[in-house]
Amino acid sequence: MNKNERNALISFLSIYVGSAMLLLAVLFYFYYQEQYKSLQKSCSMELINASMEIKTDILNAYMNNKEYIPKSFKEKKIKFALYDKNRKLLFSNLDEKQAVDFSQRFYQKSNQHFYIQKLKESNIPIKYIVMETCRGVESINKLKIYLTLTFILSSIFIGFIAYFLAKLLLKPVREKVVDMDNFIKDSAHELNTPVSVLMTSVTMLKNGKSPEKMMKYILSSSKQISQIYNDIHFSAFNDINESMEEKFFLNSLIEDSVEFFNDISITKNINIEAKIEVHEVYMDRTKAQKVVNNLLSNAIKYSKNNSVIKVSLKNNIFVVEDFGIGISQKEQKEIFKRFKRGKNIEGGFGIGLDIVNRICKSYKLKINLDSKKNEGSTFSIDFSSVIYQ
């Protein structure tokens with residue numbers, strides 16, 4: 001991963017995780033507020049019920065002319081205190097005796113919740129029942145811990161998902177970058193051969209060595225450079241959906257291409273044998289030329305020196321057969337994809353067959369490949385869908 005990719009990954013993770021955590025924090029905040037209110041209400045009801053129980057015991061004792069004797073609750077976390085009308089302490093088992101605030105009815109102080117109930121009966125000396133419990137605060141603290149841990153784990157999970165998604169999204173970009181990087185390297189390699197031959201031939205020609213042979217090499221190199229340029233230009237700037245259909249003889253176009261590539265194949269001493277029948281088609285001439293030229297170019301590129309390439313057009317089917325290095329079964333599944341190509345030592349950009357494949361799809365031409373490693377390849381294209389009737 002290069003610096004730009006790493007910066008892009010960090011930026012994506014920062015924005016994605018940051019926004020997700022912000023949203024999560026907002027949701028957790030509202031959830032906490034709702035749960036906090038619920039716990040406060042539950043604690044309040046618990047203290048009210050406990051105070052009512054004490055009040056009932058007090059009233060029953062004085063109605064029976066007995067002295068009320070305070071008893072502790074079975075629930076150890078609930079405690080209480082009794083005060084007279086002057087707020088003088090009569091009884092208390094509170095943990096926070098100094099935390100009693102008679103101006104409030106229900107409140108939280110320190111680690112306790114308090115509830116104060118006032119008795120209105122005049123014949124009873126007890127006027128205030130102060131209830132105390134730590135259960136509510138403990139529940140709220142547990143809620144805080146639970147939400148904090150959940151938030152941390154959720155953040156880690158979101159971060160993991162974000163990283164996974166980022167890698168998933170960057171993968172095709174990374175593949176494209178690698179493909180383009182290889183394309184640039186391959187373009188230099190592909191152009192290097194004809195340019196080197198061209199320069200060498202010109203030098204040899206200046207020195208007066210084999211003028212006729214050097215002129216053939218110069219012509220061959222020039223045509224190779226022209227073919228490379230045309231492929232790059234067509235792939236980069238031409239819209240496959242834009243066409244100018246016309247009626248023309250496909251056999252004449254193939255014959256012209258064979259003549260053109262005969263000057264290129266001379267550098268490998270390859271002979272192109274052609275058996276062409278007359279077929280009239282209706283399609284874009286430039287695209288038809290691209291199909292024929294790229295198949296011939298590939299056949300020369302991957303053929304062995306001093307070999308033969310057989311070209312035929314019969315019963316609407318155009319066939320190019322070479323006896324070169326062949327294509328493995330695995331490579332055949334990928335060979336029509338852009339920037340995919342055969343052995344690196346043979347050069348090539350991997351765009352020729354992509355152009356052929358896209359043009360065939362646009363005209364519904366059936367393309368077939370039959371190849372075996374080290375034996376050769378046969379490409380056939382059925383032009384039946386564009387034959388002019």
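Being out of contact with any His (no Cβ under 6 Å at 6 or more places or on another chain) and either on the phi > 0 side of the Ramachandran plot or open to solvent by 100 Å² or more (accessible area, probe 1.4 Å) (or both) narrows it down to one residue among 156, 116; which is it?
Working: 116 fails: either on the phi > 0 side of the Ramachandran plot or open to solvent by 100 Å² or more (accessible area, probe 1.4 Å) (or both).
Unique residue meeting the criteria: 156.
To keep it simple, each residue is scored yes or no on (1) open to solvent by less than 70 Å² (accessible area, probe 1.4 Å); (2) at pLDDT below 90; (3) in contact with a helix residue (DSSP H, G or I) (Cβ under 7 Å, 6 or more places away or on another chain).
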{"position": "52", "(1), (2), (3)": "no, no, no"}
{"position": "55", "(1), (2), (3)": "yes, no, no"}
{"position": "62", "(1), (2), (3)": "yes, yes, no"}
{"position": "71", "(1), (2), (3)": "no, yes, no"}
{"position": "78", "(1), (2), (3)": "yes, no, yes"}
{"position": "83", "(1), (2), (3)": "yes, no, no"}
{"position": "89", "(1), (2), (3)": "no, no, no"}
{"position": "97", "(1), (2), (3)": "no, yes, no"}
Open item on the list: Cβ-Cβ distance below 6 Å, separation of 6 or more or different chains: which pairs start in region 376-389 with a residue that is touching a residue at least 24 places away in the same chain (Cβ under 8 Å) and under 23 Å from residue 270 (Cα atoms) and end on one that is surrounded by 14 or more Cβ atoms within 10 Å (Cβ to Cβ) and among the small types (Gly, Ala, Ser)?
Closed with: 376/324; 376/326; 377/326; 377/371
- [ ] Being farther than 14 Å from residue 47 by Cβ, free of Cβ contacts under 8 Å to residues at least 40 places away in the same chain and of a type in the set (Ser, Thr, Tyr) is the filter here, so list the residues in region 75-132 that pass it.
- [x] 92, 103, 110, 122
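Applying the selection to region 119-136, what residues are under 54 Å from the mean Cα position of the chain (by Cα), of a type outside the set (D, E, K, R) and open to solvent by 10 Å² or more (accessible area, probe 1.4 Å)? Steps first, please.
Here is the first cut: in region 119-136, the residues under 54 Å from the mean Cα position of the chain (by Cα) are 133-136.
Then drop every residue that is not of a type outside the set (D, E, K, R), which leaves 133-134, 136.
Across region 119-136, the qualifying residue is only 134.
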Task: Residues satisfying the stated conditions in region 93-122, i.e. under 15 Å from residue 50 (Cβ atoms) and part of a strand (DSSP E or B) - done: 106, 112, 113, 114, 115, 116, 117
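Give region 308-321 a look and list any residue that's open to solvent by less than 10 Å² (accessible area, probe 1.4 Å) and in contact with a Lys or Arg (Cβ under 9 Å, 6 or more places away or on another chain), or say none.
Selection gives 311, 313, 320.
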- [ ] Spot the failing condition for residue 275; the list is (1) open to solvent by 60 Å² or more (accessible area, probe 1.4 Å); (2) closer than 27 Å to residue 225 by Cβ, and only one is missed.
- [x] (2)
Open item on the list: Within region 273-308, take every residue that is over 12 Å from residue 254 (Cα atoms), of a type in the set (A, V, I, L, M) and within 42 Å of the chain's Cα centre (by Cα) and give me the one that is modelled with the highest pLDDT.
Closed with: 283
Open item on the list: Just checking, does region 164-177 include any residue being part of a strand (DSSP E or B), open to solvent by less than 60 Å² (accessible area, probe 1.4 Å) and touching a helix residue (DSSP H, G or I) at 6+ places or on another chain (Cβ under 7 Å)?
Closed with: no
TODO: Test each condition in (1) surrounded by fewer than 14 Cβ atoms within 10 Å (Cβ to Cβ); (2) at pLDDT 90 or above for residue 373 and report the one that comes out false.
DONE: (2)
TODO: For region 27-37, indicate whether the set of residues that are open to solvent by 70 Å² or more (accessible area, probe 1.4 Å) and either in contact with a Leu (Cβ under 8 Å, 6 or more places away or on another chain) or over 30 Å from residue 149 (Cβ atoms) (or both) is non-empty.
DONE: yes
Open item on the list: Report every pair of residues separated by at least 6 positions or lying on different chains whose Cβ atoms are under 9 Å apart, first residue within region 27-38 and under 14 Å from residue 141 (Cα atoms), second open to solvent by 60 Å² or more (accessible area, probe 1.4 Å).
Closed with: 32/144
Open item on the list: So, residue 151, is that one open to solvent by less than 100 Å² (accessible area, probe 1.4 Å) and of a type in the set (A, V, I, L, M, F, W, C) or not?
Closed with: yes
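So which residues in region 292-338 are on the phi > 0 side of the Ramachandran plot and touching a Gly at 6+ places or on another chain (Cβ under 8 Å), if there are any at all?
Correct list: 326 only.
The values are calculated or read from the model by the stated rules, or taken from the named source; none is laboratory data. Fair warning: this is a prediction, and the values are worked out from it, not measured in the lab. When we count neighbours, we look across all protein chains shown, and the Cβ atoms used for this are built from the backbone with ideal geometry, even at glycine. All accessible areas refer to the heavy atoms of the entire protein, side chains included, with ligands and DNA or RNA removed. Shrake-Rupley method; radii C 1.70, N 1.55, O 1.52, S 1.80 Å.
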